[in-house]
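Single-structure report; data block below.
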Amino acid sequence: MTAATDRPAADSRDAQESRRRELASFLRSRRERISPESVGLPPGRRRRTPGLRREEVAQLAAVGVTWYTWLEQAREIQVSGQVADAIARALMLDRDERRHLFTLAGAPDPHPYLDCPGMSPAVQVMIDQLEPMPAAVFNSRYDIIAYNRTYGRLVGDLDALPVEDRNVMWLCFTDPRWKEQVPDRETNIRLMAAKFRVSLAQHLGEAPWKALLKRLQQASPEFCEVWERHEVLQPETHVKRFLNPVVGPLAFDSTNLWLGPQAGPRLTTYTPVDEVSRERLDRLYAGILAERSPVGV
């Protein structure tokens, strides 16, 4: 092969690299212009850079923090139209900015005529208002994107966990407390792995999915054994059971409300199936409120 025939391939690689760098710079510039308050997040303290943090954009877009960091570092990763759409909403891009994002990402826009106002902070407000009923937002990888206080205390304390560990599959396969306090665990992990396989088929080659799969395979021989069964199941609503360390067994009917395409984020609400679970839930919530109340009140 001559140098002349090598040149088109080299030019193509250079163009792709330039486009990734431009996309990274564009995302950083749009992230830095958004205040946390404008998307319903607390301002926090000691912000070293203006605007949102990378993990906050990842949370709003329902993508992995590591994957989004790679995107802003111009790494060679794939961006699907669905994920680009979620990022456009999280960054509150207007129509021209949205079109520019999809051009740089090299992905087809699933909603090319959509005005993109950004992800509404009303979602967090809504799940907070559902208290004492537990409620949370999950993506199809089982990442826990948002949750209210009651859900956060069903098993341990989600607030105490690193963001990257707030994934239901990861917790059920690797966390000792979740292993003990999720009844019917063997059935649940088999169902989760089967549903994850169905969702994974739509995201082959995407970095966050490959990273989660590899992490589970390295950390859990049990996951490897279940994964090798090659079972596939579609998501469905069924009774969820938890063995809470404070109030004892809880049973809920779960209901999914999809926030976008069915493969995307979903809001799941949990309603007690009987009076015993309702009474225990009320006691759990009362304890949460007592912990958060100022001394002397």
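For Cα pairs less than 8 Å apart in space and 6+ apart in sequence, what is the mean separation divided by the residue count of the chain, i.e. the relative contact order in percent?
Working: 397 pairs, mean separation 42.5, N = 297.
It rounds to 14 percent for the chain.
For the pair Glu164 and Ala201, how long in nm is the line joining their label points, each one 7 Å along Cα→Cβ?
Between Glu164 and Ala201, the simple spin-label model gives 3.0 nm.
Would you mind checking which residues have amide H under 5 Å from Leu259's amide H? H placed 1.01 Å from N; only 5 or more apart, or other chain.
Here Arg266, Leu267 satisfy the definition.
At Val232 and Glu180, where each label point lies 7 Å from the Cα along Cα→Cβ, what is the point-to-point distance in nanometres?
The two pseudo-label positions are separated by 3.9 nm.
Using the heavy atoms of the protein chains and a 1.4 angstrom probe, tell me the accessible area per residue for the chain in square angstrom.
Numbers: 15760 Å² over 297 residues.
Counting only protein heavy atoms, the per-residue value for the chain is 53 Å².
With the full set of protein chains in place, find how many percent of the accessible area of segment 125-216 is carbon and sulfur; take the probe as 1.4 Å. Could the numbers behind the result be given before it?
Details: 1890 of 3660 Å².
The computed percentage sits at 52.
Counting Lys +1, Arg +1, Asp -1, Glu -1, what net charge surrounds Glu180 among other residues with beta carbon under 14 Å of its beta carbon?
On the way: positive: Arg177, Lys179, Arg185, Arg241; negative: Asp175, Asp184, Glu186.
Counting the neighbours of Glu180, the net charge comes to +1.
Amide H of Tyr147: which non-local residues (sequence gap of 5 or more, or other chain) have their own amide H closer than 5 Å, using H built in the peptide plane?
Val137
Once both labels are modelled 7 Å past Cα along the beta-carbon direction, what's the Glu291-Gln218 spacing in nm?
In this crude spin-label approximation the distance works out to 3.1 nm.
Given a 1.4 Å probe and heavy atoms of the protein chains only, how would you sort Lys210, Lys240, largest accessible area at the top?
Values: Lys210 120, Lys240 60 Å².
Ranking Lys210, Lys240 by accessible area, largest first, yields Lys210, Lys240.
What fraction of the Cα pairs in the chain, stated in percent, has a spacing above 30 angstrom? If you can, show how the numbers build up before the last one.
Values: 16950 of 43956 pairs.
Counting every Cα pair in the chain, those more than 30 Å apart make up 39 percent.
The values are calculated or read from the model by the stated rules, or taken from the named source; none is laboratory data. Fair warning: this is a prediction, and the values are worked out from it, not measured in the lab. Neighbour counts run over all protein chains shown; Cβ positions are idealised from the backbone, glycine included. The protein model used for the area step is the full one, side chains on, heavy atoms only, and it has no ligands, DNA or RNA in it. Shrake-Rupley method; radii C 1.70, N 1.55, O 1.52, S 1.80 Å.
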